[in-house]
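Just below is one structure, and these are the notes that go with it.
The values are calculated or read from the model by the stated rules, or taken from the named source; none is laboratory data. Quantities reported herein were computed from a predicted structural model and do not represent experimental measurements. So basically every Cβ, Gly included, is an ideal-geometry build from the backbone, and we count neighbours across all protein chains shown. Ligands, DNA and RNA are excluded from the accessible area calculation, which covers all protein heavy atoms including side chains. Shrake-Rupley method; radii C 1.70, N 1.55, O 1.52, S 1.80 Å.
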Amino acid sequence: MIRPVLTELALFLAPFAAYAIFLIVTRAGILDPQSWSPRILIWLTGIGLVLMIVSFLLIAHFSGAPPGSTYVPAHTEDGKFVPGLTR
């Protein structure tokens with residue numbers, strides 16, 4: 001469960017990291033408040049949210065079992081545990 005959360009967090013923070021790298025390369029002052037104006041923060045937040053939404057859609061569309069498959073839940077047979085599977 002932690003991997004999907006970290007993936008989404010990384011996608012949200014990627015625009016901020018890219019902008020910080022841009023500020024470092026251009027020597028514009030990464031800690032200067034003028035470099036992080038509200039307008040830029042709104043743009044970076046919007047881009048991060050778009051990246052997250054697109055990744056949610058891609059994960060929902062391309063992951064999981066194929067359409068029409070049947071899930072057999074985990075159960076016991078003859079006293080032995082049989083893990084769940086998709087047929």
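Remarks
- Considering residues of the range 49-87 that are out of contact with any strand residue (DSSP E or B) (no Cβ under 6 Å at 6 or more places or on another chain) and hydroxyl-bearing (Ser, Thr, Tyr) only, the residue farthest from Phe16 (Cα to Cα): Thr76
- Phe22 being modelled with pLDDT of 85 or more and either charged (D, E, K, R) or open to solvent by 80 Å² or more (accessible area, probe 1.4 Å) (or both): yes
- All conditions but one from (1) out of contact with any Ser or Thr (no Cβ under 7 Å at 6 or more places or on another chain); (2) surrounded by 10 or more Cβ atoms within 10 Å (Cβ to Cβ); (3) outside any helix (DSSP H, G or I) apply to Thr76; the one that does not is (2).
- Pair list, Cβ under 6 Å, 6 or more apart: the range 3-28 residue in contact (Cβ under 8 Å) with a residue 12 or more places away in the chain, other residue of a type in the set (Ser, Thr, Tyr) and surrounded by 11 or more Cβ atoms within 10 Å (Cβ to Cβ): Leu11/Ser55; Leu23/Ser35
- Search result, residues across the range 25-47 that are of a type in the set (S, T, N, Q), exposed (fewer than 13 other Cβ atoms within 10 Å of the Cβ) and assigned to a helix (DSSP H, G or I): Thr26, Gln34
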